[in-house]
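Chemist: I have a structure I would like to understand better, so I am pasting it below and will then ask my questions one at a time.
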Amino acid sequence: MIKTNPITSMTKAFDVSGQNVVVTGGNRGIGKGISVAFAQSGANVLILCRDTQSGQKAVEEISQYGGKHNCIKCDVADIESVKTAVKKIYEHFDHVDVLINNAGVSTTVPFLDENGLDEWHRVINTDLHGVANIIHQIAPKMRDKGLGGSIINISSVGGQRVSNSRHHHHAPYNAAKAGLDIFSRYLAVVLGDDGIRVNVIAPGPTHSDLDKDLPPASIETIEKDLPAHRFGEPIEIGALCVFLSSQAGNQITGCIYAHDGGLLCVV
């Protein structure tokens with residue numbers, strides 16, 4: 001049994017320098033914000049993504065902060081792609097300290113209007129099964145290394161609410177994120193003895209590739225009604241990831257953090 005150590009002072013309480021971090025979908029949107037936040041904080045970042053061209057651009061950007069960074073092609077929905085990518089991860093890193101499962105897709109196709117269930121399966125396969133694929137391949141290696149670690153799954157407030165579903169249809173996204181929240185709590189229990197903490201960040205309105213699908217009227221209403229009166233920024237999600245992966249976060253596991261500008265308070 002591995003017990004995480006409490007901090008005894010604020011000196012380096014939020015330090016993640018030298019940690020080896022894997023970020024799925026770390027090449028753009030929220031994922032890129034997470035990659036930038038860890039790189040700026042002195043960590044080594046390995047980005048997994050389907051588009052290695054944009055992935056390499058992200059690597060070039062974060063390389064200015066020092067550290068050891070790279071990009072590996074991976075489709076998290078494809079288990080064989082995941083197995084190949086994980087093999088390459090461990091050629092790049094001798095161990096993984098932090099795993100951020102961020103890769104995700106959405107849809108605006110009404111569930112009952114689908115011709116078949118292609119959209120349902122596409123979203124579920126990435127947003128839920130994809131996380132399971134990655135964790136199933138990496139968590140045992142983290143456990144066997146015996147160094148503990150942090151797994152953070154990027155969910156959504158969409159896993160806790162279905163507001164505006166008459167106009168903005170994303171049933172499989174809601175279902176996947178709700179499942180991810182419960183799956184993460186399960187993992188927090190079964191990996192606790194290994195010193196591996198598992199938490200969830202549930203972003204609300206955040207500037208990313210997904211918010212482009214929102215109707216303009218919805219964006220205006222959101223910004224008006226939110227207590228924070230603005231969308232979040234990807235690097236702010238990254239900042240919370242850094243905190244949860246630092247020594248200051250060592251007592252935190254099995255939690256779901258809504259990073260939503262107060263959305264769940266008013267909707």
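The values are calculated or read from the model by the stated rules, or taken from the named source; none is laboratory data. In this text the structure is predicted, and so the values were computed from the model without any measurement. Glycine also receives a Cβ, built like all others from the backbone with ideal geometry; neighbour counts cover every protein chain displayed.
Chemist: Among the helices (runs of 4 or more DSSP H) confined wholly to the stretch 62-160, which include 1 or more residues that are at pLDDT below 95 and farther than 14 Å from LEU46 by Cα?
Modeler: Working: elements: 79-92, 118-127, 129-145.
Per the criteria, 118-127.
Chemist: Regarding the stretch 1-20, can at least one residue be identified that is touching a residue at least 24 places away in the same chain (Cβ under 8 Å) and assigned to a helix (DSSP H, G or I)?
Modeler: no
Chemist: Turning to a different aspect of this structure: Would you mind finding the one in LEU210, LEU264, LEU191, LEU187 that is of a type outside the set (D, E, K, R), buried (at least 18 other Cβ atoms within 10 Å of the Cβ) and at pLDDT below 90?
Modeler: Values: LEU264 fails: buried (at least 18 other Cβ atoms within 10 Å of the Cβ); LEU191 fails: at pLDDT below 90; LEU187 fails: at pLDDT below 90.
The match here is LEU210.
Chemist: Now, a different point. So which residues in the stretch 15-32 are over 19 Å from LYS73 (Cα atoms) and touching an Asp or Glu at 6+ places or on another chain (Cβ under 9 Å), if there are any at all? Can you show your working first?
Modeler: Taking the stretch 15-32 as the starting set, the residues that turn out to be over 19 Å from LYS73 (Cα atoms) are 15-19.
Residues satisfying the conditions are VAL16, GLY18, GLN19.
Chemist: Applying the selection to the stretch 123-166, what residues are of a type in the set (Ser, Thr, Tyr) and free of Cβ contacts under 8 Å to residues at least 24 places away in the same chain?
Modeler: The first filter runs over the stretch 123-166 and keeps only residues of a type in the set (Ser, Thr, Tyr), leaving 126, 150, 155-156, 163, 165.
The one that is of a type in the set (Ser, Thr, Tyr) and free of Cβ contacts under 8 Å to residues at least 24 places away in the same chain: SER165.
Chemist: Mind telling me which of the residues VAL86, VAL76, VAL105 ends up being surrounded by 15 or more Cβ atoms within 10 Å (Cβ to Cβ) and over 19 Å from ILE151 (Cα atoms)?
Modeler: Numbers: VAL86 fails: over 19 Å from ILE151 (Cα atoms); VAL76 fails: over 19 Å from ILE151 (Cα atoms).
Of VAL86, VAL76, VAL105, the one residue that is surrounded by 15 or more Cβ atoms within 10 Å (Cβ to Cβ) and over 19 Å from ILE151 (Cα atoms) is VAL105.
Chemist: Something else about it: Could you please find all residues in the stretch 230-261 being surrounded by fewer than 20 Cβ atoms within 10 Å (Cβ to Cβ) and of a type in the set (Val, Ile, Thr)?
Modeler: Correct list: ILE235, ILE252, ILE256.
Chemist: Take the stretch 25-42 and flag every residue that is part of a loop (DSSP other than H, G, I, E, B) and either crowded, with 24+ Cβ neighbours inside 10 Å or at negative phi (or both).
Modeler: Let us first name the residues in the stretch 25-42 that are part of a loop (DSSP other than H, G, I, E, B), namely 25-28, 41-42.
Of everything in the stretch 25-42, those that are part of a loop (DSSP other than H, G, I, E, B) and either crowded, with 24+ Cβ neighbours inside 10 Å or at negative phi (or both) turn out to be GLY25, GLY26, ASN27, ARG28, SER41.
Chemist: Using beta carbons and a limit of 7 Å, which pairs, at least six apart or on different chains, have the first residue in the stretch 45-57 and farther than 14 Å from ASP209 by Cβ and the second one of a type in the set (Phe, Trp, Tyr)?
Modeler: So the pair list comes out as VAL45/PHE38; LEU46/PHE93.
Chemist: Being closer than 27 Å to HIS95 by Cα and outside any helix (DSSP H, G or I) narrows it down to one residue among VAL200, VAL189; which is it? If you could, list the steps in order and put the result at the bottom.
Modeler: Working: VAL189 fails: outside any helix (DSSP H, G or I).
Unique residue meeting the criteria: VAL200.
Chemist: Let me ask something else about it. Within the stretch 5-24, take every residue that is surrounded by fewer than 17 Cβ atoms within 10 Å (Cβ to Cβ) and aliphatic (A, V, I, L, M) and give me the one that is nearest to GLU91 (Cα to Cα).
Modeler: ALA13
Chemist: Looking at SER54, SER106, which one is of a type in the set (S, T, N, Q), under 15 Å from the mean Cα position of the chain (by Cα) and more than 22 Å from VAL242 (Cα to Cα)?
Modeler: Selected residue: SER106, the only one of SER54, SER106 that is of a type in the set (S, T, N, Q), under 15 Å from the mean Cα position of the chain (by Cα) and more than 22 Å from VAL242 (Cα to Cα).
Chemist: Related question: Can you tell me how many residues within the stretch 66-101 are within 18 Å of VAL36 (Cβ to Cβ) and among the polar types (S, T, N, Q)?
Modeler: Looking only at that region, the number is 2.
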